[in-house]
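Peer 1: Before we start, here is the structure in question, set down as structure tokens.
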Amino acid sequence: VSELSDNPVYQKGLALIAKSDCLTCHKVDEPLTGPTYRDVANKYGAMPDTIIRHLAGKIISGGNGEWGEVFMTPHPGVSVEDAEAMVKYILLLKK
């Protein structure tokens, strides 16, 4: 984990998530309303880089169906750049 915590991509994404409402529904390893970040990383982490833009779009627009019927609240105030930084952080959590 220390090599992760020194990674600037990790640090930026973690900081953005910490100041958002993401942790209301998501945790790294503990299931809440939405999937764990680790589950998201394990599902999408081996996919091409285009998945980053797709998942960033999900953060901004919201949606459901990927992980069941629970609706993810849209976050239209999050920039594409910040949403992509959040996704990159989450994908670093892949086991």
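The values are calculated or read from the model by the stated rules, or taken from the named source; none is laboratory data. Since we're looking at a predicted model, the values are computed, not measured. Because the Cβ atoms are built from the backbone with ideal geometry, glycine has one as well, and the counts that use them run over all protein chains shown. What goes into the accessible areas is simple: the full protein's heavy atoms, side chains included, and nothing from ligands, DNA or RNA. Shrake-Rupley method; radii C 1.70, N 1.55, O 1.52, S 1.80 Å.
Peer 1: Among the helices (runs of 4 or more DSSP H) lying completely within the chain, list those that include at least 1 residues that are of a type outside the set (Phe, Trp, Tyr), in contact with a Lys or Arg (Cβ under 9 Å, 6 or more places away or on another chain) and open to solvent by less than 50 Å² (accessible area, probe 1.4 Å). Spell out how you get there, then give the answer.
Peer 2: Details: elements: 2-5, 8-18, 37-44, 50-61, 80-91.
So the answer is 8-18, 37-44, 50-61, 80-91.
Peer 1: Any residue in the stretch 73-92 that is under 22 Å from ASP39 (Cα atoms) and hydroxyl-bearing (Ser, Thr, Tyr) sitting within a Cβ distance under 8 Å of a residue that is open to solvent by less than 40 Å² (accessible area, probe 1.4 Å) and in a loop (DSSP other than H, G, I, E, B)? List the pairs, counting only those 6 or more apart or interchain.
Peer 2: THR73/GLY62
Peer 1: Test SER20 against the stated conditions and say whether it is over 12 Å from the mean Cα position of the chain (by Cα) and on the phi < 0 side of the Ramachandran plot.
Peer 2: Taking the combined requirement at face value, the residue does not satisfy it.
Peer 1: Also, quick follow-up: Which of the residues belonging to the stretch 1-47 are without any contact (Cβ under 8 Å) to a residue 40 or more places away in the chain and among the polar types (S, T, N, Q)?
Peer 2: Listed by number, the residues that qualify are SER2, SER5, GLN11, THR24, THR33, THR36.
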